[in-house]
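> Got a structure for you, questions after.
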Ligand code: URA
């Protein structure tokens, strides 16, 4: 079912890799590699409509006009920890992008988020910001990250995810209706602890083996 403002990255390679990530016996190493690979593939779709301009170049054969990226430069804004898992895959496609790190954790009792780190380029207002949050679960972390980026001047923001819950999408869009979301899948629902079902468990723990 299509959800307004949400693009499902339904490419077969992404879907196959996501299924491997969901399996509980997938190793930490494979999980990290797959998350990085999906990061690149999601980035490909998030950047699909970036504007181009024709410029004069010379090939070894003759002069021509050829397209190059125009418009805003990019900032990737991973939410720590798990956002880091998609970052390198995205930077491989867009190596000139800057990075804004956002440290937020969910208080396990209240599920509200607490900021512990924020470092972003000064010219956020002139850049296209792509927030990276693999698991859009309750939506609280993504909402807080976008609040913080807007406070720091960001005007043009997109969300790159791996998995989202219907509850998280609806809460996020209630707070930030202008921020479009890209995700590989929208799962069934959240459980009472704010985890996505069927999901893939805790992405940070599975990346770093901390459980
Ligand atoms: N964060 C995760 O890593 N997994 C979930 O299911 C929800 C939030």
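> Within segment 100-143, track down each residue that is away from the ligand (no atom under 14 Å from the Cβ), surrounded by 16 or more Cβ atoms within 10 Å (Cβ to Cβ) and assigned to a helix (DSSP H, G or I).
If the condition is that a residue be away from the ligand (no atom under 14 Å from the Cβ), surrounded by 16 or more Cβ atoms within 10 Å (Cβ to Cβ) and assigned to a helix (DSSP H, G or I), then 124 is the only one that fits.
> Does residue 167 fit the bill of being surrounded by fewer than 16 Cβ atoms within 10 Å (Cβ to Cβ) and touching a strand residue (DSSP E or B) at 6+ places or on another chain (Cβ under 7 Å)?
No; evaluated as a whole, the condition is false for this residue.
> From the residues in segment 188-210 that are surrounded by 15 or more Cβ atoms within 10 Å (Cβ to Cβ) and over 18 Å from residue 85 (Cβ atoms), which one is farthest from the ligand (Cβ to nearest atom)?
Among those residues, the one meeting the criterion is 190.
> Next question, about the same structure. Which fully enclosed strands (runs of 3 or more DSSP E) of segment 1-99 have 1 or more residues being under 21 Å from residue 136 (Cα atoms)?
Where strands (runs of 3 or more DSSP E) fall fully within segment 1-99 and carry at least 1 residues being under 21 Å from residue 136 (Cα atoms), they are 6-8, 74-80.
> Filtering segment 170-187 down to residues that are more than 10 Å from the ligand (Cβ to nearest atom) and under 22 Å from residue 41 (Cα atoms), which residue is surrounded by the most Cβ atoms within 10 Å (Cβ to Cβ)?
183
A short reminder: the numbers here are calculations on the coordinates, not readings from a lab. Keep in mind that what you see is a predicted model, and the values were worked out from it rather than measured. For neighbour counting, all protein chains shown are included, and Cβ atoms are generated from backbone atoms with ideal geometry for every residue, glycine included.
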